[in-house]
1. Can you sort B:379, A:10, B:303 by how many other beta carbons sit within 10 Å, fewest first?
2. Over chain B, what is the relative contact order in whole percent, taking alpha-carbon pairs under 8 Å and six or more residues apart?
3. Compute the angle between helix B:321-332 and the longest alpha-carbon principal axis of chain B, please, reported from 0 to 90 degrees and rounded to the nearest 10.
4. Compute for chain B: radius of gyration divided by Kirkwood radius, i.e. Rg/Rh, restricted to C-alpha atoms, rounded to two decimals.
5. So if we plug the beta-carbon distance of residue B:335 and residue A:307 into 1/(1 + (r/R0)^6) with R0 = 51 Å, what FRET efficiency do we get, rounded to 0.05?
6. Which residue is it, in chain B, that holds its beta carbon closest to the axis of the B-onto-A rotation, and how many whole angstrom away?
7. Ignoring everything except DSSP H segments at least 4 long, calculate the 222 nm mean residue ellipticity for chain A; use -39,500 (n - 2.57) per segment, divide by total residues, nearest 500.
8. Between the label point of residue A:329 and that of the same position in each other copy, find the distances and list them shortest first in nm, with every label point placed 7 Å from Cα along the Cα-to-C-beta direction.
């Protein structure tokens with residue numbers, strides 16, 4: 001189905017649909033920021049339709065011409081979900097950037113797929129509202145991309161992931177029709193809920209054009225603390241103490257293992273006498289509430305409760321927003337890791353919390369058996385069991401080594417009730433892991449559903465599925 | 001495809017699969033409680049497999065024999081989703097009643113589809129945990145049925161609906177294979193999330209056998225108040241004041257319009273000087289927290305804040321658990337309405353909150369134009385926009401009148417961003433409304449997906465779809 005060049009006259013027809021200046025080719029494309037992966041812009045042709053109708057017209061044109069489509073949001077994906085090749089067209093949602101309706105009574109928003117997370121956060125804040133999901137890439141990640149990849153972030157344990165925030169959506173399907181299910185209600189039991197197919201489909205079933213999202217009240221104040229703890233069990237215990245504490249509204253519980261914090265703290269020149277950097281694991285907590293002073297007291301009480309049960313704990317309560325930024329930067333500035341180990345192999349798994357201690361022990365042994373110098377840099381959203389694992393190796397691994405490491409990382413994730421891909425998705429780089437860890441019926445059905453919605457494999461070929469799923 | 005009798009020897013083969021005493025026929029079936037609709041037991045033959053493997057064997061037997069299957073949970077559905085007819089087999093999940101794993105560290109549970117909501121509530125409570133969904137039919141509603149119908153209830157505005165609570169599931173598909181996606185994590189971005197097709201499919205795509213659910217911390221104490229208010233706007237305002245109040249953890253915000261409360265308060269002989277029963281609308285609030293006394297103070301503060309903005313408000317803070325039960329009974333004992341108007345026509349819609357005042361004004365006019373004596377008894381979960389509307393008419397409506405009334409109720413729900421079926425589902429009784437209010441592409445795709453998973457229309461024929469969706 002795939003072709004490596006565009007049919008004659010295609011660019012001209014594209015320009016007639018979306019306007020000359022909304023079609024970019026050649027140097028114009030090469031001058032753009034490709035995001036995480038230079039191959040994202042491989043197609044060399046990009047169309048930026050200004051509304052859903054125009055986008056649908058582009059899809060129909062591509063369908064007639066047999067040109068496949070790679071939809072682009074903010075290009076913050078890490079698994080090659082947005083890479084494109086010659087003969088394809090990049091469909092940019094950048095101009096679908098209107099926040100159409102933000103309703104503080106309903107606590108909902110209807111917005112275009114191209115709106116960035118940060119733009120929505122800034123629009124919601126004056127109403128005392130919050131998007132309920134936050135990501136370090138907030139400045140570029142778009143709502144459409146976040147829905148297509150089912151983005152997670154630091155608040156999933158309390159607010160759910162993107163799937164749980166989407167009340168309704170509109171999408172252009174591969175046949176060029178518009179699917180409209182823009183409800184703004186959390187309760188709907190009206191037949192198969194097909195928006196949940198599009199959420200997380202990574203652009204393989206169509207292009208999301210508009211979304212209705214749930215918003216949440218934003219606390220007036222927040223306070224953060226960094227704790228050093230003797231074990232993962234102590235971290236889990238601390239999270240549960242925080243969740244159960246009256247008056248404490250836990251908003252983030254990020255764990256960092258020693259090798260990770262050692263690297264980021266050194267790179268940032270950070271140290272604090274209250275934190276023993278030799279502790280095995282660290283927990284960054286943020287709580288929300290009405291008054292900053294009460295929150296600081298809440299963190300004190302929490303710290304004492306934890307100290308009662310784990311005498312080895314150390315803790316630092318951020319006394320200023322500068323100090324809060326500093327301790328958050330230790331966690332969020334993951335570029336520091338990639339600067340130390342450029343293009344390091346990274347993994348994004350989730351596990352039920354009770355499984356984490358045994359999993360990590362097992363993984364450590366398996367990695368050591370492969371190569372005793374392999375050190376996993378681990379951090380993650382511990383309240384929802386999401387661990388990011390980056391290896392201390394620059395660049396791609398030798399294929400055989402990679403295979404052995406992947407086998408070690410993914411081996412028992414499914415049997416432990418976890419997921420090999422917590423929030424980064426499958427894209428083009430995790431297809432092998434999807435196939436290795438998923439229920440066989442699930443893989444069959446995915447292919448059959450793809451064939452129903454996109455029989456010509458027009459949308460994002462080579463992502464999620466290795467081969468055209470059916471013919 | 002459907003047959004009106006069972007093939008020869010079928011019952012014997014069924015018995016050999018699940019054991020003689022787990023197949024019920026004839027008088028044994030007639031002696032059973034049919035739940036809301038006597039037609040539920042119409043098939044006259046019921047099998048109760050004891051585990052997933054046995055259930056899968058029953059499905060394969062039915063498939064070979066061309067016998068269609070109606071899966072039964074607690075039979076609390078109101079839209080004919082569980083009715084069955086001669087020639088079909090009822091697949092009961094009653095024996096899939098094990099709470100297999102309840103993990104207080106993870107705050108998750110893995111349980112069989114036949115576990116009742118109340119059984120799970122009782123198992124979770126000693127760990128300080130709550131299911132996060134509550135329904136008046138908690139004693140009979142099963143987890144499998146709640147997932148199949150995407151149950152909602154009073155806490156959806158804060159906790160989401162059943163779809164948002166399901167972390168993983170196992171199901172037997174119409175081809176007799178077992179689909180296993182029993183993750184216990186909130187974060188998974190691992191291809192199409194097919195559990196979201198099974199959730200809300202009302203038994204048309206297979207039988208859910210096991211579920212992994214998220215649990216939430218249960219507050220130590222709770223307190224409730226009943227308010228009489230001058231308008232829906234005032235109710236919405238009150239809910240938002242409550243949601244924004246520090247230290248107030250709003251757990252329920254149930255509205256009752258005057259005709260509804262007039263009926264239930266009279267039937268229960270309830271009155272209180274603090275509540276003006278002539279007010280247009282009433283709000284029942286429950287908040288949770290650490291100390292009952294603090295919560296009562298919280299409700300006082302809330303009441304004063306509302307009084308500042310709406311001088312016509314009246315309010316009663318329940319001073320004892322007996323009084324709390326009394327005011328909750330005014331809302332939950334909807335049988336009182338059906339006793340006054342047996343088998344009264346009822347509707348279950350959801351609307352974005354901002355749309356509710358205009359919608360109700362419009363509906364009132366339209367109903368009055370049809371028949372000035374028509375009075376809708378309205379109550380609902382106002383924080384999520386879910387309104388239940390019961391008409392003051394006993395029994396079925398004349399078909400022409402029903403058509404006009406349905407048109408009036410459903411007319412502008414989709415354009416307002418709402419849903420014609422908030423939490424009751426479609427079953428066999430709301431197929432017309434589904435077809436009248438849904439996006440055409442959604443209806444097409446539903447049929448195509450049904451054809452992929454259940455090409456022989458084996459599971460729950462005549463529900464969701466009027467006709468076999470394809471051949």
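1. A:10, B:303, B:379
2. The normalised contact order for chain B reaches 15 percent.
3. Orientation of helix B:321-332: about 60 degrees from the principal axis.
4. Working: Rg = 22.9 Å, Rh = 23.4 Å.
Result for chain B is an Rg/Rh of 0.98.
5. E between residue B:335 and residue A:307, to the nearest 0.05, is 0.45.
6. B:196, 2
7. Details: 17 runs with 162 residues, N = 471.
Calculated at 222 nm, the ellipticity per residue is -10000 deg cm²/dmol.
8. 6.2
Read-outs: derived from the displayed coordinates by stated rules, not from any lab. Given the structure is predicted, the values throughout are model-derived calculations rather than measurements. All Cβ positions, glycine included, derive from the backbone under ideal geometry; neighbour counts span all protein chains shown.
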